[in-house]
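So the structure is just underneath, and the comments pick up after that.
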Amino acid sequence: MAPTIAKPLLSDLVAQTGQVPLSHVRPVGDRPDLANVDTESGAGIPLIDLKKLNGPDRRRVVEAIGKACESDGFFMVTNHGIPTEVVQGMLRVAREFFHMPESERMKCYSDDPKKAIRLSTSFNVRTEKVSNWRDFLRLHCYPIESFIDQWPSNPPSFRQVVGTYSKEARALALRLLEAISESLGLERSHMVTAMGRQAQHMAVNYYPPCPQPELTYGLPGHKDPNAITLLLQDGVSGLQVQRNGRWVAVNPVPNALVINIGDQLQALSNDRYKSVLHRVIVNSESERISVPTFYCPSPDAVISPAGGLVDDGHPLAYRPFTYQEYYDEFWNMGLQSASCLDRFRPG
Ligand code: OGA
Ligand code: NI
């Protein structure tokens, strides 16, 4: 038998062995309990129609967003303004990218989390003990002129298609941040201003089919370190969010995007809005593609809530910190269910 050569990317490794390698097997007690998940319809996260966000009914939509941020930390949006063909193009080029030959994909590979553009696997292969069932391409997207020349040049339409999607995603993130500011009784521009010179990162996640999904995670339970995440998923289920100690499946809804509050909005809202644990499970039948857009404060932005959100009944939940400080801490901790925010509690 030919000797097996270690493959850096999971999709190539699994193509070679057809098994879950030991590197990806979670210890007993830290595996997804797949039988114990809420999949019933109605248990899902709120679905909010953004059609009336710009019009006389704005207040009602803003209230619905505020309520979802407070109670679930997750919601889905329809009529979000990103054209269907832009969304479909993004998913198509993502699939084409991950279906390219190994040699072509490996041109983008790096295990250095500090690189602005890179293809890698799992989460942080330099530090973690057990790997996750995921390959991912990570791209910095804003300001786009600073990064687009470093993006993959294959498939040939990649830069144009992903560039268009990322601009649309940024416009939607800004509209949501305005609505979220208003829902907290703040100026419309509050959150965007508080975040300083914002950054936008995108991950293109590729979860290959997994012969034994009960042994591993696409991504284990974690909270997003950024301010707000806009998630595009293909038609395959896998995302689950935690509610009242149970995992709830967020099954794809056609043309909807999933929005979730990250740790920075939790801190900026002085704990009113929740950054919630979520995870990805994989399945034996289908590959799954998801494209989260992470909207982030400037590294030097000082994260501290508006004065109006702090009073005797709502004392300051976290000491002020810079996003850079937070992000370094997050990468050092690695993905784990403990909240990184707890390290910034005062006193
Ligand atoms: C993430 C994430 C969810 C998904 O990348 O942080 O939570 O469905 N992704 O891929
Ligand atoms: Ni996440």
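Alpha-carbon geometry of region 139-189: the Rg and the Dmax are 14.6, 46 Å, given in that order. How much FRET efficiency would the formula 1/(1 + (r/R0)^6) give for His99 and Thr127, where r is the Cβ-Cβ distance and R0 is 22 Å, rounded to 0.05? In this case the efficiency is close to 0.15. Using the Cβ-Cβ distance between Arg319 and Ser298 with R0 = 22 Å, the FRET efficiency computed as 1/(1 + (r/R0)^6) comes to roughly 0.70. Working value for region 49-191: equivalent-ellipsoid semi-axes of 34, 19, 14 Å, each the square root of 5 times a Cα gyration tensor eigenvalue, largest first.
Of the trypsin sites (Lys or Arg not before Pro) found in region 179-272, those in coil by DSSP whose Cβ has at most 11 other Cβ atoms within 10 Å are Arg197. Going from the fewest other Cβ atoms within 10 Å to the most, the residues Tyr295, Tyr327, Tyr165, Tyr318 appear in the order Tyr327, Tyr318, Tyr165, Tyr295.
For the options Asp30, Asp311, Asp234, a Gaussian network treatment of the chain with springs between C-alpha atoms closer than 10 Å singles out Asp311 as fluctuating the most.
Quick one: grab the alpha carbon gyration tensor of region 20-131, order the square roots of its eigenvalues as a ≥ b ≥ c, and give me rounded if a/c is under 1.5, else prolate or oblate depending on whether a/b is larger than b/c. In terms of gyration-tensor shape, oblate. Computed from the C-beta positions of Ser189 and Asp312, the FRET efficiency with R₀ = 35 Å rounds to 0.80. For region 38-99, the Cα gyration tensor yields ellipsoid semi-axes of 27, 19, 9 Å (square root of five times each eigenvalue, largest first, whole Å). Close Lys pairs in region 22-344, defined as Cα atoms under 22 Å apart and 8 or more places apart or on different chains, number 14. Here the chain is scanned for GluC sites (Glu not before Pro) in DSSP loops (not H, G, I, E, B) that have at most 13 other Cβ atoms within 10 Å, and the longest stretch holding none of them is 41-186.
A straight chain from Ala6 to Arg92 at 0.36 nm per residue would run longer than the Cα-Cα distance by 28.1 nm. Distance from the alpha carbon centroid of region 49-124 to that of region 295-347 works out to 23 angstrom.
Taken along its three principal axes, the alpha carbon spread of the chain comes to 70, 44, 41 Å, from the longest extent down to the shortest. By the helix-only formula, in which each DSSP H run with n ≥ 4 contributes -39500 (n - 2.57) and the sum is divided by residues, the chain has a 222 nm mean residue ellipticity of -8000 deg cm²/dmol. Take the Cα of Lys51, go 7 Å toward its beta carbon, and the backbone nitrogen atoms of region 154-187 under 20 Å from that spot belong to 172, 176. The modelled label-to-label distance for the pair Ser286/Asn36, using points 7 Å beyond Cα in the direction of Cβ, is 2.7 nm.
Values in this text are rule-based calculations from the coordinates and carry no lab data. Keep in mind the model is a prediction, meaning the values are calculated, not measured. Neighbour counts are summed over all protein chains in view; Cβ atoms, including those assigned to glycine, are modelled from backbone coordinates with ideal geometry.
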